[in-house]
Each structure stands twice: as structure tokens, then as C-alpha cells.
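Working notes, structure below.
The values are calculated or read from the model by the stated rules, or taken from the named source; none is laboratory data. Treat the numbers as computed from the prediction; the structure is a model and nothing was measured. Cβ: placed from backbone, ideal geometry, glycine included. Neighbour counts: every protein chain shown.
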Amino acid sequence: MVLLMVVLGVSGLGCSSIYHQTQATLPPEPLGQLEFRIKEAQHAEQLTGQSITKLHDQLNYGVSGKAIEPDVDRVVAATFEFERRAASVQDAAAHCEGRTGFASEIERLQGRSKQLQEFVQTARQAANPINARQLDELLQGPGKP
């Protein structure tokens with residue numbers, strides 16, 4: 001009985017702790033939340049770029065086949081995380097009712113997410129081996145020189 005009460009007490013502390021941490025981090029107003037979500041998406045985009053760069057470097061070193069799979073998996077995971085973050089930007093923007101100056105950045109994040117998802121779908125097909133030239137184009141991204 002005492003053990004049950006201790007477990008319930010500890011689990012209750014964890015829930016409120018997470019709630020209070022989120023409440024302290026996430027701004028209460030919609031525009032603040034949108035700015036926060038944009039920064040998260042931009043950070044996820046940077047991490048995706050880093051994983052693509054690592055894969056690119058491995059390909060340039062001549063690594064291929066099964067040895068390259070962890071790097072491909074890292075790119076896939078980073079891309080899905082970026083897609084998730086870009087979707088949260090879209091959700092936060094919906095609460096701002098078009099009253100933001102972030103339309104171009106939101107559009108850019110959505111476009112980049114789509115481009116990366118298309119690459120991942122192609123990369124996961126065994127008949128389409130990844131090459132460094134594809135990654136060069138992907139690293140440049142839309143709107144980059």
C-alpha cells in the first residue's frame with residue numbers, strides 16, 4: 001500500500017514538472033508560439049543539413065553499401081524530425097490568422113521539408129543508390145547559390 005502511494009506521488013510530480021517546464025518555455029500568445037516553432041524548425045533543418053554533410057563526406061571517402069546505411073538512416077531520421085517541426089510551424093501559424101510577417105519563412109520551411117522528403121523516398125529505394133552529386137544539390141537547397 002505504501003509502495004503504491006509512493007509510486008503515485010512520484011508519477012504525479014513528473015507530470016506537473018513537465019507541464020510547468022513546457023508552460024515556462026512556450027510563450028502563451030500565438031505569435032510568440034509561432035516564432036518559437038520557427039526557431040525549432042530552423043534548428044531541425046540545420047541538424048538535417050549536418051547529417052547530409054556527413055553522408056556526403058562518407059560517400060566522398062568511398063564508403064558504400066552496408067557501411068553507409070547508418071548515415072542514410074541518420075539523414076532519414078533527421079528529415080522526418082524536420083518535417084515534424086515544419087508541420088508544427090504550420091499549426092502555430094493557423095492560430096495567428098495570417099497576422100504574421102513570417103509567410104515567406106513558413107513557405108521556405110515547407111518547401112525545404114518537401115524537398116528533403118522527396119529525397120528520402122528516393123534514397124530508401126534499393127534501385128536508386130545515393131551519390132555525392134545528389135547530395136551537393138540537396139545541400140544547396142532552394143534559393144541557395
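Scan the range 119-130 and tell me whether some residue there is modelled with pLDDT of 80 or more and crowded, with 16+ Cβ neighbours inside 10 Å. Looking for residues that are modelled with pLDDT of 80 or more and crowded, with 16+ Cβ neighbours inside 10 Å, one finds at least one in the range 119-130, hence yes. Scanning the range 63-108 for residues that are surrounded by 16 or more Cβ atoms within 10 Å (Cβ to Cβ), outside any helix (DSSP H, G or I) and either in contact with a His (Cβ under 7 Å, 6 or more places away or on another chain) or among the basic types (K, R) (or both) gives no hits. On the stretch given as the range 80-118, residues that are of a type in the set (V, I, T) and modelled with pLDDT of 90 or more total 2. Per this entry, R133 is not counted among residues that are surrounded by fewer than 12 Cβ atoms within 10 Å (Cβ to Cβ) and assigned to a loop (DSSP other than H, G, I, E, B).
Residues in the range 29-62 that are of a type in the set (D, E) and either assigned to a helix (DSSP H, G or I) or surrounded by 13 or more Cβ atoms within 10 Å (Cβ to Cβ) (or both): E35, E40, E45, D57.
Exactly one residue among S64, S88 is of a type in the set (S, T, Y) and within 25 Å of I38 (Cβ to Cβ), and that residue is S88.
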